[in-house]
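Working notes, structure below.
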Amino acid sequence: MTAPIKRNETLQIISREHHFALLLCWKIREGLKKNIEAKRIQDYIDWFWENNLIHHFEIEEASLFTILPIENELYKKAIDEHESLRKLFSEKNKTKEILENIAYELDAHVRFEERTLFNVLQILATKEQLQQIEQHHNYKILDDWEDEFWVSKN
Ligand SMILES: [Fe+2]
Ligand SMILES: [Fe+2]
């Protein structure tokens with residue numbers, strides 16, 4: 001059995017944000033299970049996207065994925081998944097099906113980054129590249145949405 005690779009400190013900044021992304025997926029699924037109207041779920045995820053994920057995607061594309069050569073398969077997969085998620089998040093009218101797809105794709109994407117991509121990145125990244133990530137990281141995750149539909153009884 002191989003020991004898990006200890007996450008580099010700079011990458012931990014980004015990894016912590018993945019925790020919130022996975023929580024978002026869970027909240028969407030809870031909302032759907034409780035038959036919460038799609039609009040209420042959409043309002044929250046639109047807000048979460050605008051305030052958090054949009055920045056997270058940008059820093060990954062500008063400073064993390066670029067550590068890999070453009071022709072690398074993992075690079076292509078990461079970019080393709082961002083593209084697909086951006087499309088889903090920018091849907092003006094999110095149906096239940098779209099909400100399900102967001103929860104499914106975001107969950108899979110974060111797990112791919114955590115289990116595969118980041119392990120490769122932390123082997124390849126130079127000190128300068130890691131410093132660049134920290135310099136560009138200028139936002140904080142906001143998660144204080146008041147309409148907690150995921151704990152609602154109806
Ligand atoms: Fe990502
Ligand atoms: Fe990510």
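Checking residue 106 against (1) farther than 14 Å from residue 17 by Cα; (2) in contact (Cβ under 8 Å) with a residue 12 or more places away in the chain; (3) not hydroxyl-bearing (Ser, Thr, Tyr), which single condition isn't satisfied?
(1)
Taking the options 27, 39, 33, name whichever one is at pLDDT 95 or above, crowded, with 19+ Cβ neighbours inside 10 Å and more than 12 Å from ligand 1 (Cβ to nearest atom).
It is 27.
Restricting the search to the stretch 93-134, which residues are out of contact with any Asp or Glu (no Cβ under 9 Å at 6 or more places or on another chain) and not in a helix (DSSP H, G or I)?
Correct list: 93, 95, 125, 126.
Hey, among the residues in the stretch 135-153 that are more than 16 Å from ligand 2 (Cβ to nearest atom) and in a helix (DSSP H, G or I), which one's nearest to residue 27 (Cα to Cα)?
Looking at residues that are more than 16 Å from ligand 2 (Cβ to nearest atom) and in a helix (DSSP H, G or I), I get 150.
Report, by residue number, each residue of the stretch 1-45 that is hydroxyl-bearing (Ser, Thr, Tyr) and more than 20 Å from residue 55 (Cα to Cα).
If the condition is that a residue be hydroxyl-bearing (Ser, Thr, Tyr) and more than 20 Å from residue 55 (Cα to Cα), then 2 is the only one that fits.
Suppose we keep only residues that are of a type outside the set (A, V, I, L, M, F, W, C) and under 11 Å from residue 121 (Cβ atoms) within the stretch 53-75. Which one would you say is nearest to ligand 1 (Cβ to nearest atom)?
Across the stretch 53-75, the extreme among qualifying residues is 60.
Going residue by residue through the stretch 55-69, is there one that turns out to be more than 15 Å from ligand 2 (Cβ to nearest atom), exposed (fewer than 15 other Cβ atoms within 10 Å of the Cβ), in a helix (DSSP H, G or I) and at pLDDT 95 or above?
Checked the stretch 55-69: no residue is more than 15 Å from ligand 2 (Cβ to nearest atom), exposed (fewer than 15 other Cβ atoms within 10 Å of the Cβ), in a helix (DSSP H, G or I) and at pLDDT 95 or above.
Here is a list of conditions, (1) buried (at least 18 other Cβ atoms within 10 Å of the Cβ); (2) over 11 Å from the mean Cα position of the chain (by Cα), and residue 14 meets all of them except one; can you say which number that is?
Here residue 14 clears every test but (2).
Identify all residues within the stretch 46-79 that are within 26 Å of residue 149 (Cβ to Cβ) and under 12 Å from the mean Cα position of the chain (by Cα); write none if there are none.
48, 49, 52, 53, 54, 55, 56, 57
Which residues, taken from the stretch 77-116, are of a type outside the set (Val, Ile, Thr), over 19 Å from residue 54 (Cα atoms) and within 16 Å of ligand 2 (Cβ to nearest atom)?
115
Could you go through the stretch 80-93 and let me know if any residue there is loosely packed, with under 14 Cβ neighbours inside 10 Å, over 22 Å from residue 6 (Cα atoms), under 12 Å from the mean Cα position of the chain (by Cα) and not acidic (Asp, Glu).
yes
The values are calculated or read from the model by the stated rules, or taken from the named source; none is laboratory data. Because the structure is a prediction, the values reported are computed rather than measured. Note that each Cβ is placed from the backbone with ideal geometry, even for glycine, and that neighbours are counted across all protein chains shown.
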